[in-house]
Structures are given as C-alpha cells and as structure tokens.
Amino acid sequence: MEDPASSLSSSIHFVSSPPQLPQRTYRRISRSEERAPFPIPGLASDILHMRVKEGSKIRNLLRFATSRIQGEGEDSSATAVRQVVFTGLGRGITKTITCVEILKRKVPGLHQVSKLCYMKVNEVWEGPQQEVAGTTVERTVPAICILLSKDPVDPQELGYQPPQTFSFPSEEVERRGDLLRTAGRPSSLHAAKRLCLDDWTGCSPKS
C-alpha cells in the first residue's frame, strides 16, 4: 500500500494537535467531517459511496452494497451501479477494509484502488455550565478510500489491485466437507462453530 503522503488531496488542510479536554467536565455535542473530493481519478458519475463509521454494522453495509452492485434484493428497483467506493476514518478504517475484502469475495472480478489520506474533523464540546462557552476542536485523522469497480481502471494508478480469484486448497475443501457432514450430530456443535468462524461470510445471516 502506498505512502499516505502521496495520496493527499490539495483540498485537505493540516491543523495542530487538539488541546486535551477534561472528559468529566466537557461532553461532545456535535462532530462534522470535511467533505473533501475522493483522491481517486476517473470515478463514475453514479458511483455508490459507502461511508463506514466506527459504529456501522458490517452486515447492513454489505447487504446494501451487494444489492446495488448486483441489482438484486430489496433495492432491485434501483439502477445497478458499476463502482462502489468505501471511505472510513480513524477507528472506522479497519471496518472499511473488512467490508471491502468480504465484498470482493461476494462479487468476483472487481478491480480495486486504495488510497490513504487525512481528513479534517470539527468537534464541538460543551462545558459543564451554561455560562461556560463551548469549545471547538479541529483535528486531522487518517482516512482510507477504496474503490471497487466492475469496469477496468488504470492499472498504473498507485494503489491498484487486479481482480483476485479466491479458492481453498483441496485439503481445506475436504476438511470443510467433513465438518458439514457432521453438522447435524448432537456432538458436532463445536465443529459447526469452527466452520462459521473460519469463514463467516459463507454463513447466511439471519434476516
């Protein structure tokens, strides 16, 4: 993955480290993120933007993104998209990468472009008493932007990854078959849990 400094957009501003606020006397009342352009060139006009936050549910994000890129499910009435971009910042970066990796397994043949950058976040903190003025804090946090595209993209673009083929070794396939065949036995609960933990994307979530 490329160096973060090479992906910075010209519209992103750097600010100094925020002051340390006493958590017991101040509480955060609002938080806003900078609306910077995507650091990936050549995006489609109808691109689907999936903003991943720390508290986002991976199952909900994937259900919506999969239905839109395949043109199926509850959102089948909407036009199927050819590109989807996932963005996340701070503690949401890990969850963003997880969503991307799972979607690539659900929808084969996707081209990928990954970019690291920084985004500006504004936080408003309220004092313990009304006569105490609120404090606005500006800080920069690391962010990631990942494009998944059905259509080919420039392979010379930094952060490009070609479509991947996911397959299990023959020994792994045989082991999974043994676990599935014994899943109905009373003593096989532990084996079934192992199968789901090994590849939980293959276990259909309950609706």
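Things to note:
- When the listed pairs Lys57/Lys106; Lys120/Lys150; Lys53/Lys120 are checked against a 20 Å cut-off, the alpha-carbon distance exceeds it for Lys120/Lys150.
- Summing +1 for each Lys or Arg and -1 for each Asp or Glu among the other residues whose beta-carbon sits under 14 angstrom from that of Ile29 gives +1.
- The listed residues His111, His49 rank as His49, His111 when sorted by accessible area, largest first, using a 1.4 Å probe.
The values are calculated or read from the model by the stated rules, or taken from the named source; none is laboratory data. Please read these numbers as outputs of a predicted model, since none were measured by experiment. Here the Cβ is made from the backbone with ideal geometry for all residues, glycine too, and neighbour counts use every protein chain on show. Just the protein is used for accessible areas: all its heavy atoms, side chains included, with ligands, DNA and RNA removed. Shrake-Rupley method; radii C 1.70, N 1.55, O 1.52, S 1.80 Å.
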